[in-house]
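Colleague: Handing you a structure now.
The values are calculated or read from the model by the stated rules, or taken from the named source; none is laboratory data. It should be emphasised that the depicted structure is a prediction, and the values quoted were computed from it without experimental measurement. Here Cβ is always computed from backbone atoms with ideal geometry, including for glycine, and neighbour counts include all displayed protein chains.
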Amino acid sequence: MRIQELSLQTRHLADQKAFYHTALGLPLLTETTASFTLQAGATRLRFQEAQQDVLYHVAFTIPRNTFTEAKSRLRKHGSLLRKKSEDEFFFATINTTNRS
C-alpha cells in the first residue's frame with residue numbers, strides 16, 4: 001500500500017514545520033496560516049493546526065547506505081532517543097530489512 005496524502009493535526013504548527021522542513025529537508029509544497037504540506041517521497045504530509053495536543057509516530061524508510069549521514073543530520077537539530085546510552089534499537093517483532 002502506498003499512502004498518497006496523510007493529514008495530521010498539530011497544536012505546534014511552527015515547530016512541526018521547523019522539524020520536517022528545516023531539519024529533515026522535506027520540500028514545502030503549500031502553506032497557509034493554518035496548515036502546510038510537505039513532500040515525503042511519494043507521500044504528501046499535510047499538517048493542520050489543532051486546538052488540542054495530538055501525538056503521532058511517523059517513520060521514514062531511508063537507504064541503508066545513508067543511515068550514518070541521516071543520524072548526523074538529525075543530531076544537529078536535536079538529541080536522538082537513547083536507551084542505556086545507545087541510540088540504535090533493534091525490534092525483533094518488526095522486520096525492517098528489504099522493504100520496498
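Colleague: Collect the residues in region 38-63 that are within 13 Å of GLN9 (Cα to Cα), within 13 Å of the chain's Cα centre (by Cα) and either assigned to a strand (DSSP E or B) or not β-branched (Val, Ile, Thr) (or both), keeping them in residue-number order.
Modeller: Correct list: LEU45, ARG46, PHE47, LEU55, TYR56, HIS57.
Colleague: Name every residue in region 64-82 that is surrounded by 10 or more Cβ atoms within 10 Å (Cβ to Cβ), part of a loop (DSSP other than H, G, I, E, B) and without any contact (Cβ under 8 Å) to a residue 24 or more places away in the chain, in order of residue number.
Modeller: Across region 64-82, the qualifying residues are LEU80, ARG82.
Colleague: Being within 20 Å of LEU74 (Cα to Cα) and loosely packed, with under 14 Cβ neighbours inside 10 Å is the filter here, so list the residues in region 24-54 that pass it.
Modeller: Correct list: GLY25, PRO27, LEU28, GLN39, GLY41.
Colleague: A follow-up question, please. Could you please tell me which pairs satisfy a Cβ distance under 7 Å, a separation of 6+ or placement on different chains, a first residue in region 11-25 that is modelled with pLDDT under 95, and a second residue that is assigned to a helix (DSSP H, G or I)?
Modeller: Here the result reads ALA23/LEU74, each pair linking region 11-25 to a residue that is assigned to a helix (DSSP H, G or I).
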